[in-house]
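One structure below.
The values are calculated or read from the model by the stated rules, or taken from the named source; none is laboratory data. Bear in mind that the values here come from a model prediction, so they are computed numbers and not experimental data. For neighbour counting, all protein chains shown are included, and Cβ atoms are generated from backbone atoms with ideal geometry for every residue, glycine included.
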Amino acid sequence: MKQVILTGDRPTGRLHVGHYVGSLKERVKLQNSGDYDEVYIMIADAQALTDNAEHPEKVRQNIIQVALDYLACGIDPAKSTIFIQSMVPELTELTFYYMNLVTVARVQRNPTVKAEIQMRNFEASIPVGFFCYPISQAADITAFRATHVPVGEDQMPMIEQCKEIVHKFNTVYGETLTDPKIVLPSNKACLRLPGIDGKAKMSKSLGNCIYLSDEEADVKKKIMSMFTDPNHLRVQDPGRVEGNPVFIYLEAFCKDEYFPEFLPEYQNLEELEDHYRRGGLGDVKVKKFLNNVMQAELGPIRARRKEWEQRIPDVMDILKEGSRVAEAKAAQTLNDVKASMRINYFDSDQSDMYQK
Ligand code: TRP
């Protein structure tokens, strides 16, 4: 069986370092591993519109921002098909057929949808399209016959719901759709990177993000203002590493080779953490080290982003060509789906349609 990756992001803002360690970095690794026959990276504008119906311009503007972030991180258009969701209308048609295989109660139980409804104060006024987005996400995944879906941990319920739709479809209409697997980063710190304020999740609406497009000085300012252990008041006090955002970021970004370069008194993160726990290590020193590490990781990304920013027409061409390739693939799957459902009325011998 072909090994296929499909994943994507809603274009509601520029991507941040939480996206990077939670999924983007993994995608680039998978893309370059040579283990996959096809890689599709989707800018999910139609999904973004499910809760931004009044602000299509916000979605429109962020399509390019997300594309730039992808290219900056090393998504390579020669290896991956980058495309815009709404440019593949087959996805909408698939969604419409899948909707009949899912109950309202089941969507209501989806923990991600539940949390989002609460966060947006939708309760009594949920747009129908928003409510159905897990089903449309199943269409995204299955249209490309994805075997692997690298996403952040918060997307787990979406993949589970997709798998249920696949099983239901295949049971009712015969083996047609491919069962996907979620791919999560193996590093725990990467699963859910907290914001710089220590809040559970980095999120645009909380204003606690470090963006991939942030300038060097902004990154430094944000890191130096980060929350740490609130009880670590004096340098000599013992400190807590667990739940301390500065150390969570180090766990997500630091490599051993950064120590000789930036902090040669220690060999590795373990030694640094031990010292912090014992007491005698100040937050400012750790933050300065984190800043050096993050600048080393983000510098090349920022530089590549600036290069692509000078080539917007080329970025548009990449999206246009990607959308063309993506549509061809989705159209094939839609044909298979309609054939399995036997609603491909004009395709072949359909004489049973008029038999009594
Ligand atoms: N829901 C994802 C997000 O919030 C975006 C997305 C849409 C997606 N369709 C997908 C991710 C299919 C993986 C697979 O960013």
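So the values come out like this:
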{"quantity": "Of the criteria (1) closer than 30 Å to ILE41 by Cα; (2) at pLDDT 95 or above, which one ASN292 fails", "calculated": "(1)"}
{"quantity": "Tally, over the range 101-119, of residues that are within 20 Å of the chain's Cα centre (by Cα) and surrounded by fewer than 21 Cβ atoms within 10 Å (Cβ to Cβ)", "calculated": "8"}
{"quantity": "In the range 1-17, the residues that are away from the ligand (no atom under 11 Å from the Cβ) and either more than 15 Å from SER213 (Cα to Cα) or surrounded by 24 or more Cβ atoms within 10 Å (Cβ to Cβ) (or both)", "calculated": "MET1, LYS2, GLN3, VAL4, VAL17"}
{"quantity": "Helices (runs of 4 or more DSSP H) contained entirely in the range 126-213, each with at least 1 residues that are among the hydrophobic types (A, V, I, L, M, F, W, C) and within 12 Å of the ligand (Cβ to nearest atom)", "calculated": "128-131, 133-143, 156-173"}
{"quantity": "Pairs with Cβ under 6 Å, 6+ apart, first in the range 155-167 and assigned by TED's automatic domain parsing to the domain that holds PHE131, second within 11 Å of the ligand (Cβ to nearest atom) and assigned to a helix (DSSP H, G or I)", "calculated": "PRO157/THR112; MET158/PRO134; MET158/GLN137; GLN161/PRO134; CYS162/ALA138; CYS162/ILE141; ILE165/ALA138"}
{"quantity": "ALA339 surrounded by 14 or more Cβ atoms within 10 Å (Cβ to Cβ), out of contact with any helix residue (DSSP H, G or I) (no Cβ under 8 Å at 6 or more places or on another chain), farther than 22 Å from CYS73 by Cβ and not assigned by TED's automatic domain parsing to the domain that holds ASN231", "calculated": "yes"}
{"quantity": "Residues satisfying the stated conditions in the range 309-318, i.e. surrounded by fewer than 19 Cβ atoms within 10 Å (Cβ to Cβ) and of a type outside the set (S, T, N, Q)", "calculated": "GLU309, ARG311, ILE312, PRO313, ASP314, MET316, ASP317"}
{"quantity": "Checking LEU281 against (1) touching a Pro at 6+ places or on another chain (Cβ under 7 Å); (2) farther than 22 Å from GLY22 by Cα; (3) of a type in the set (A, V, I, L, M, F, W, C), the condition it does not meet", "calculated": "(1)"}
{"quantity": "Residue tally, condition surrounded by 17 or more Cβ atoms within 10 Å (Cβ to Cβ) and either closer than 22 Å to GLY22 by Cα or polar (S, T, N, Q) (or both), over the range 120-143", "calculated": "8"}
{"quantity": "Every pair of residues 6+ apart whose Cβ atoms lie under 8 Å, when the first sits in the range 235-262 and is over 20 Å from VAL17 (Cα atoms) while the second is polar (S, T, N, Q) and not in a loop (DSSP other than H, G, I, E, B)", "calculated": "GLU261/ASN292; PHE262/ASN292"}
{"quantity": "Selected residue (criterion: nearest to the ligand (Cβ to nearest atom)) from residues of the range 64-77 that are in contact with a helix residue (DSSP H, G or I) (Cβ under 6 Å, 6 or more places away or on another chain) and aliphatic (A, V, I, L, M)", "calculated": "ALA67"}
{"quantity": "Positions within the range 206-232 being in contact (Cβ under 8 Å) with a residue 60 or more places away in the chain, over 14 Å from PHE247 (Cα atoms) and surrounded by fewer than 17 Cβ atoms within 10 Å (Cβ to Cβ), in sequence order", "calculated": "GLU215, GLU216"}
